[in-house]
Amino acid sequence: VSSWIENVGRKRLKETINLDDSLEMLLQTQKQFREFDLVASEYCRRGQEALKKMERWEDFSSVDVDSYRGKLQSHRDQLEEFCTQLDENRHRICETVRLYEFFDKVREGSCCTRGGCKS
């Protein structure tokens, strides 16, 4: 999971930082993101399940286990950050699409009232 986040997930999230200026292109970006989101959400779920299984070892006191606690916390932080970014991007893309659709309707209505509606 950690490897996928670093090698695939973060790169794909960065691709959605700058959203296109047209509704058509934005809808295409949203479609592509939804496909990625399904896969990424599955990785988040699997990572959370794996970390949950590891929780039982956190109270175990041993020099051998102590060396892995730092790694475990690092993976936990990485997964939490990635899942948060995924949620934020999902929300941002959805809200941007809604905003563009709204402005499209306003623009159509404005043109209709200025020039008279043609049916």
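The values are calculated or read from the model by the stated rules, or taken from the named source; none is laboratory data. None of these values were measured; they are calculated from a predicted model. Positions of Cβ are backbone-derived with ideal geometry, glycine not excepted, and every protein chain shown enters the neighbour counts. The accessibility values were calculated without ligands, DNA or RNA, using every heavy atom of the protein model including side chains. Shrake-Rupley method; radii C 1.70, N 1.55, O 1.52, S 1.80 Å.
Here's a check for you: in segment 1-54, which residue that is assigned to a loop (DSSP other than H, G, I, E, B) and either over 16 Å from GLU88 (Cα atoms) or touching a Leu at 6+ places or on another chain (Cβ under 9 Å) (or both) is most open to solvent (accessible area, probe 1.4 Å)? Among those residues, the one meeting the criterion is ASP21. Filtering segment 71-84 to residues that are over 14 Å from VAL8 (Cα atoms) and under 14 Å from the mean Cα position of the chain (by Cα) leaves GLU80, GLU81, THR84.
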